[in-house]
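Quick notes on the structure that follows.
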Amino acid sequence: MIGMADRPRRYTAYIQWNKRDNYYAGYIPGIGGTETEGVSMDDLKRNLGDVLAERIRERRERARRQALKPRAGWRRIDIKI
């Protein structure tokens with residue numbers, strides 16, 4: 001059975017063709033650092049997928065590190081049940 005985390009998610013990208021320099025440019029809104037280019041549409045899709053995967057890995061790593069640290073002013077206690 002496939003869990004929710006294992007299912008591919010769909011993201012929307014905005015693209016445009018640069019007539020002067022002959023390349024496609026694109027980005028995924030709401031996720032910084034996903035701006036990329038490609039000489040063909042397939043190249044652009046591959047590049048967008050690569051940068052998106054990297055940003056998701058970075059977000060997960062950052063969330064994992066933040067989960068290990070308590071928020072300022074909070075202390076940890078252990079409770080046995």
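The numbers here are math on the coordinates, done by the rules we state, and not lab data. Bear in mind that the values here come from a model prediction, so they are computed numbers and not experimental data. So basically every Cβ, Gly included, is an ideal-geometry build from the backbone, and we count neighbours across all protein chains shown.
Number of residues in region 48-63 that are of a type in the set (Lys, Arg) and more than 11 Å from Ile31 (Cβ to Cβ) equals 3.
This table checks each residue for (1) among the hydrophobic types (A, V, I, L, M, F, W, C); (2) within 13 Å of the chain's Cα centre (by Cα).
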{"site": "Arg10", "(1), (2)": "no, yes"}
{"site": "Trp17", "(1), (2)": "yes, no"}
{"site": "Asp21", "(1), (2)": "no, no"}
{"site": "Asp43", "(1), (2)": "no, no"}
{"site": "Arg59", "(1), (2)": "no, yes"}
{"site": "Arg62", "(1), (2)": "no, yes"}
